[in-house]
1. Restricting attention to region A:273-295, does a residue exist that is open to solvent by 10 Å² or more (accessible area, probe 1.4 Å), acidic (Asp, Glu) and closer than 23 Å to residue A:602 by Cβ?
2. So which residues in region A:153-165 are open to solvent by less than 50 Å² (accessible area, probe 1.4 Å) and either assigned to a helix (DSSP H, G or I) or more than 18 Å from residue A:135 (Cβ to Cβ) (or both), if there are any at all?
3. What residue, of A:19, A:6, A:68, is modelled with pLDDT under 90 and surrounded by fewer than 17 Cβ atoms within 10 Å (Cβ to Cβ)?
4. Given the options A:64, A:16, name the one that is more than 17 Å from residue A:93 (Cα to Cα) and either of a type in the set (Val, Ile, Thr) or in contact (Cβ under 8 Å) with a residue 60 or more places away in the chain (or both).
5. Do we find that residue A:178 is open to solvent by 20 Å² or more (accessible area, probe 1.4 Å), more than 8 Å from DNA strand B (Cβ to nearest atom) and in a helix (DSSP H, G or I) in this structure?
6. Can you go through A:282, A:292 and tell me which one is within 14 Å of DNA strand B (Cβ to nearest atom), at pLDDT 95 or above and either over 28 Å from residue A:491 (Cα atoms) or part of a loop (DSSP other than H, G, I, E, B) (or both)?
7. Taking the residues in region A:369-405 that are among the acidic types (Asp, Glu) and within 16 Å of DNA strand B (Cβ to nearest atom) as candidates, determine which candidate is farthest from the chain's Cα centre (by Cα).
8. Have a look at A:188, A:204, A:263 and point out the one that is acidic (Asp, Glu) and open to solvent by less than 50 Å² (accessible area, probe 1.4 Å).
Amino acid sequence: MAALLLPLPRPQAACTSWLDKCSDLDGLKQIHATMVKTGLVLDAVPASRLLAALCRSPDDGSLTYALLLFERLRCRNTFMWNTMIRALSDGNLPEQAVILYCQMRSGAMPHNPYTFPFLLKACAALPSALPETQQVHGHIIKHGFASEVYAANSLLRVYARSGCTGSARKLFDRMPCRDAITWNSMIDGYAKSGRLEMARQLFDLMEEKNVVSWTSMITGCVESCLFKEALEFFGEMQVMGVEADARALTSALTACAHLGALDQGRWIHTYIKKRQMQLDPALGCVLVDMYAKCGELDEALSIFETTRERNVAVWTAMIAGLAVHGLGREALDLFKEMEEAGVKPNHITVTSALTACSYAGMVEEGRCLFERITREYNMSPSVEHYGCMVDVLGRAGMLKEAEDLINTMPFDPNAAVWGALANACRIHRNFELGKHVGKMLIELEPEQSGRYIQLASILAAEGSWTQSLTTRKLMRERGVLKLPGCSSISVKGSVHEFVVGDRSHPQAEKIHLEWARILRRLRKEGYMASTDELLLDLEEEEKEAAVGWHSEKLAIAFGFISTEPGTTIRIVKNLRVCADCHAVSKLISKVYRRRIVMRDRARFHVFVDGTCSCKDYW
DNA sequence: CTAGGGTTAG
């Protein structure tokens, strides 16, 4: 840098070219020094270039330095004010950005078209965006920027994203000229607030839908748990010939992951490979998640290995993937590897690792991890962390400790926490505590059918048939509908759904005959229906009938008639698997030499040769 | 120097 100190024939040109190349704070300080010496810093153009370079620099303290410089400059113009407002907004200091804007106004510094987009980005990041946004709205109108499309679009977006779709829509309707960004911001605003019908309405009216419009609809569906609809939008987008980019594919893959739609997920993966797209962290993350949630753990691992830039979400997706496959040890090893790689866990990572401990019965490891949340990660355990920990202890039969943990929680336990305890009580047959907690749960979530079922199961397990029935009756009287168990199986790219005793499938007759055939074979192998979990006091024969047409079984039977012998059968269930279906699946995997991959509400069961990957601990 | 869409758990 010695050359900087020599007298310069054309100081302005020289400084300008250095500023373009230099991004580290030390270098910029030297350039600043030279500019002071040559007097160049008094000139607005080079001074604003220096300011912009400081704001761009990633080094610690460069923003502070920029602010100090800005305060001392006498030749401040609108460009410089804009630059500083943007820097503060990007630097996670939105309040400071707004304060700076107020100073700008009180000094009567004029706006220009660039001011409002920066300022409104800061407004959007404020804890309560609305009052500031409304004031800025006033300024925009007062100073004649209302027809400036950047300002109006920025304003529309802040309203839409803060849930004020009404205000956003008013603006939308009054805008003299709307471009694609206007439409997309409005559509996205509706979709993000869960108002999908409104989003859809505008979407249909939009003439030139681009990849952003489609992605907004796909994401909107995903966020409202309409995963099938999300994939329908994605499919339609292909038909319309709109090329998907990484963000569109990320959204679509999220839907595949939730559905367990392996075929569509693979199709998207192929799309990515064909176009040689780089796996950025978000795409790597959802690909790992999709393969893991579709039961293809090896594939998930191989994506994980090839994702170059692994942020905490990518690690977490892999850890969670191992966890749901019951590979607790491996999940914790990966957690350790992540820490060694210098990636800090967040609360989701810890939740996933605790889940791993719970599913694999690793009590000591769970305890140790729970303690490290405060001691090492500088976080306070969230209510989810407590819930996981209650599950770890409870599943392992340590009910007293689980209860103590709930009583020492620094906040009110939520339904998930009590739910974990109630489940543990049922498994370990502590009926007194179980009934107490079960009743509390119903009071806490009277609209949740699962809570009534939870109490009814505990009562049934205890043999209190009458009370069990009363609980179910209470549910009906309150108009709460039991969530029907539903299993889906994906065959050749299309998803077939079944509920208990389903006869709605076009091939229902064949499916039922096939199941009867399988059942005869299983009986020969010594199968007896296991009906301990049944909530009703029925004769043995009736009990077998009651579990005999569970949705899992129908899905398996359909798998038998529609796939080649020996191929894997993949089933996704919306609730937990019942004990009888679990036992039947084990037996089928042995007798028919079929691998069955069953994803239930919480985790995977991979049945091979008579055993399950969950080791019957679930 | 300006505005729009994506990731992990429960």
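1. Yes, some residue in region A:273-295 is open to solvent by 10 Å² or more (accessible area, probe 1.4 Å), acidic (Asp, Glu) and closer than 23 Å to residue A:602 by Cβ.
2. A:153, A:154, A:155, A:156, A:158, A:159, A:160, A:163, A:165
3. A:6
4. A:16
5. For residue A:178, the condition - open to solvent by 20 Å² or more (accessible area, probe 1.4 Å), more than 8 Å from DNA strand B (Cβ to nearest atom) and in a helix (DSSP H, G or I) - is not met.
6. A:282
7. A:391
8. A:188
The values are calculated or read from the model by the stated rules, or taken from the named source; none is laboratory data. None of the values given here were measured: they were computed from a predicted structure. In this analysis, Cβ positions are derived from the backbone assuming ideal geometry, glycine residues included, and neighbour counts consider all displayed protein chains. With ligands, DNA and RNA removed, areas are computed over all heavy atoms of the protein, side chains included. Shrake-Rupley method; radii C 1.70, N 1.55, O 1.52, S 1.80 Å.
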